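Asker: My structure is below; once you've seen it, I'll send some questions.
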Amino acid sequence: MLENRHILLIVSGGIAAVKVPDLIRRLRERGAMVRCILTKAGEQFVTPMSLAALSGEKVFQDLFSLTDENDMGHINLSREADIILVAPATANIMAKMAYGIADDLATTALLAADKTVMIAPSMNVMMWNHAATQSNLKTLQDRGIEVVGPGAGDLACGEIGDGRMAEVAGLVSALSTFFQTRKESGPLSGCSALVTSGPTHEPIDPVRYIANRSSGKQGHAIAAALARLGAKVTLVTGPTQEPNPSGVTVVAVETAQQMLGACIATKQTDVAVCAAAVSDWRVAQASDAKLKKVSGDPPPALRLKENPDILATLSQAKTNRPRLVVGFAAETENVIKNGTAKRAKKGCDWIVANDVSAGFGADTNTVHVITGQGSDSWPTLSKKAVAELLALQIARHIKQTL
Ligand code: CTP
């Protein structure tokens, strides 16, 4: 499973860094290629020379090193890796990751990462149990970062409890499992998927726009879930606060027209899931200059023009239609009836209809999945759980229709 895998190993400053040379040895024995970033604090526990000798690669340390940037810029370090492992991951680096702080090469590479990140926490038990660390851990897990360990036992500081970095064998096995289950043998491996998410912003003038309250939570969760099943996912998203899911190609757009353009540009895809709350209308003639109020004048009238329907366009494509097109129906009444009518009108295969009378932005969703065979009402679930179940249903369908 590790043969020819590129692992970017970030070594931060904990006593468990002394286990890293053995970890590198075990990974290389299995055919993996390991490249290390060593933080300043990490250097107190393990030398760059030993990491370079064992990995057979240059060890990267300095964000502002001209020679390092020349050899391999901090962006490329993560781009060229199949996975990034932070081992040991101290409370400090976890906090920086949670807050997006990028003040050295390791944290900059992590912030620029487009790959799955796995962390092996290692710290004193009190530090591990501290509310700040636990809250940072939750933030990282919510973002899809994989966490291995820590285990319980005697700690280097003399105390006993949780905080010991996972053993080398455990880390090797977590990496192997990652490559085995997430990439090659996922039920959607070899498939491509396009997901739209978030709202669109339709400009009125350079400073104002028409938008809606879509959070992008559901669409982003679906993109992440499809990627976890092995699909090659492109997520076309309007402006949201949601973090980019790991292992997904993200195309950020603002308007419905841009969203359609980005979807068409993906050319051929096996599955399309349109979860975006695309604005139905745009301002026919957005002003190039800020609209000014003139006292006494009536407010400007906004003439609206209908936006292209992305779901209908993909569903009714004459060539390269995705094998499965899934739309959403945001309804405030007669959810199943309206969802069924929307499925027929747009020509998609499935509609996931949900009641949005309580508004957008919640963490849960109550959906009815409408297919050609009828409708299936799911209980209220977290948006993540809806995404996981939907991705599994998509995978089953794709397998059956192969
Ligand atoms: N959709 C789209 N492009 C649009 C409008 C909607 O791709 N211009 C997609 C949405 O992503 C969703 C589905 O169509 O998958 C239904 O969106 P919804 O807002 O529920 O319905 P509308 O088509 O906008 O119809 P209405 O607002 O009248 O209910």
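The values are calculated or read from the model by the stated rules, or taken from the named source; none is laboratory data. Every value quoted in this text rests on a predicted model; they were computed, and no experiment measured them. When we count neighbours, we look across all protein chains shown, and the Cβ atoms used for this are built from the backbone with ideal geometry, even at glycine. Surface areas here come from the heavy atoms of the whole protein model, side chains and all, with no ligands, DNA or RNA. Shrake-Rupley method; radii C 1.70, N 1.55, O 1.52, S 1.80 Å.
Asker: Output the residues belonging to region 81-118 that are buried (at least 20 other Cβ atoms within 10 Å of the Cβ), under 15 Å from the mean Cα position of the chain (by Cα) and either part of a loop (DSSP other than H, G, I, E, B) or hydroxyl-bearing (Ser, Thr, Tyr) (or both).
Answerer: Correct list: ALA113, THR116.
Asker: Does any residue in region 333-356 that is in the same structural domain as ALA391 (by TED's automatic domain parsing) come within less than 8 Å, Cβ to Cβ, of a residue that is of a type in the set (A, V, I, L, M) and open to solvent by 30 Å² or more (accessible area, probe 1.4 Å) six or more places away or on a different chain, and which pairs are these?
Answerer: Correct list of pairs: ALA353/ILE336; ASN354/ALA330; VAL356/ALA330.
Asker: Quick check, is ALA358 small (Gly, Ala, Ser), over 21 Å from ARG343 (Cβ atoms), open to solvent by 50 Å² or more (accessible area, probe 1.4 Å) and out of contact with any strand residue (DSSP E or B) (no Cβ under 8 Å at 6 or more places or on another chain)?
Answerer: Spelling it out, ALA358 is indeed small (Gly, Ala, Ser), over 21 Å from ARG343 (Cβ atoms), open to solvent by 50 Å² or more (accessible area, probe 1.4 Å) and out of contact with any strand residue (DSSP E or B) (no Cβ under 8 Å at 6 or more places or on another chain).
Asker: Tell me which residues, restricted to region 156-169, are in contact with a helix residue (DSSP H, G or I) (Cβ under 6 Å, 6 or more places away or on another chain) and open to solvent by less than 60 Å² (accessible area, probe 1.4 Å).
Answerer: GLY161, GLY163, MET165, VAL168
Asker: Please go through region 231-240 and give me each residue that is closer than 24 Å to ILE84 by Cα and in a loop (DSSP other than H, G, I, E, B), ordered by number.
Answerer: If the condition is that a residue be closer than 24 Å to ILE84 by Cα and in a loop (DSSP other than H, G, I, E, B), then ALA231 is the only one that fits.
Asker: For region 265-296, which positions are within 12 Å of the ligand (Cβ to nearest atom) and either farther than 19 Å from ARG323 by Cβ or open to solvent by 40 Å² or more (accessible area, probe 1.4 Å) (or both)?
Answerer: The answer is ALA276, ALA277, VAL278, SER279, ASP280, TRP281, ARG282.
Asker: Additional query: Just one of ALA341, ALA329, ALA353 is of a type outside the set (D, E, K, R), open to solvent by 20 Å² or more (accessible area, probe 1.4 Å) and out of contact with any Phe, Trp or Tyr (no Cβ under 7 Å at 6 or more places or on another chain); which is it?
Answerer: Among ALA341, ALA329, ALA353, only ALA341 is of a type outside the set (D, E, K, R), open to solvent by 20 Å² or more (accessible area, probe 1.4 Å) and out of contact with any Phe, Trp or Tyr (no Cβ under 7 Å at 6 or more places or on another chain).
Asker: Out of the residues in region 223-259 that are farther than 20 Å from ILE394 by Cβ and open to solvent by less than 30 Å² (accessible area, probe 1.4 Å), which is nearest to the ligand (Cβ to nearest atom)?
Answerer: ALA256
Asker: In region 318-335, which residues are within 13 Å of the ligand (Cβ to nearest atom) and hydrophobic (A, V, I, L, M, F, W, C)?
Answerer: VAL325, VAL326, PHE328, ALA329, ALA330, VAL335
Asker: Out of region 28-50, which residues are out of contact with any Leu (no Cβ under 6 Å at 6 or more places or on another chain) and in a helix (DSSP H, G or I)?
Answerer: Across region 28-50, the qualifying residues are ARG28, GLU29, GLY42, GLU43, GLN44, MET49, SER50.
Asker: Restricting the first residue to region 284-300 and requiring it to be without any contact (Cβ under 8 Å) to a residue 12 or more places away in the chain, which pairs with a second residue that is of a type in the set (A, V, I, L, M) meet a Cβ separation below 7 Å and a spacing of at least six or different chains?
Answerer: The qualifying pairs are PRO300/LEU291.
Asker: Which condition from (1) within 17 Å of the chain's Cα centre (by Cα); (2) crowded, with 20+ Cβ neighbours inside 10 Å; (3) away from the ligand (no atom under 13 Å from the Cβ) is the one that GLN218 breaks?
Answerer: Failed condition: (3).
Asker: To continue, here is another question. Would you pick out the residues in region 376-402 that are surrounded by 14 or more Cβ atoms within 10 Å (Cβ to Cβ), without any contact (Cβ under 8 Å) to a residue 24 or more places away in the chain and part of a helix (DSSP H, G or I)?
Answerer: Within region 376-402, ALA385, LEU389 qualify.
Asker: Tell me, yes or no, whether region 278-295 has at least one residue that is small (Gly, Ala, Ser) and closer than 21 Å to VAL251 by Cβ.
Answerer: Yes - at least one qualifying residue is present in region 278-295.
Asker: Here's something else I'd like to know. Hey, can you tell me all the residues within region 1-27 that are part of a strand (DSSP E or B) and among the β-branched types (Val, Ile, Thr)?
Answerer: Passing the criteria: ILE7, ILE10, VAL11.
Asker: Which one of PRO299, PRO308 is within 13 Å of the ligand (Cβ to nearest atom), open to solvent by 20 Å² or more (accessible area, probe 1.4 Å), assigned to a loop (DSSP other than H, G, I, E, B) and over 23 Å from LEU188 (Cβ atoms)?
Answerer: The conditions single out PRO308.
Condition check ((1) within 11 Å of the ligand (Cβ to nearest atom); (2) in a helix (DSSP H, G or I)) across all residues:
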{"residue": "ASN338", "(1), (2)": "yes, yes"}
{"residue": "ALA341", "(1), (2)": "yes, yes"}
{"residue": "ALA344", "(1), (2)": "no, yes"}
{"residue": "VAL352", "(1), (2)": "yes, no"}
{"residue": "SER357", "(1), (2)": "no, no"}
{"residue": "HIS368", "(1), (2)": "no, no"}
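For every residue, the table says whether it meets (1) in contact with a helix residue (DSSP H, G or I) (Cβ under 9 Å, 6 or more places away or on another chain); (2) farther than 25 Å from ALA223 by Cβ.
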site	(1), (2)
LEU85	yes, no
ALA89	yes, yes
ASN92	no, yes
LYS115	yes, no
MET118	yes, no
MET123	yes, yes
HIS130	yes, yes
GLN134	yes, yes
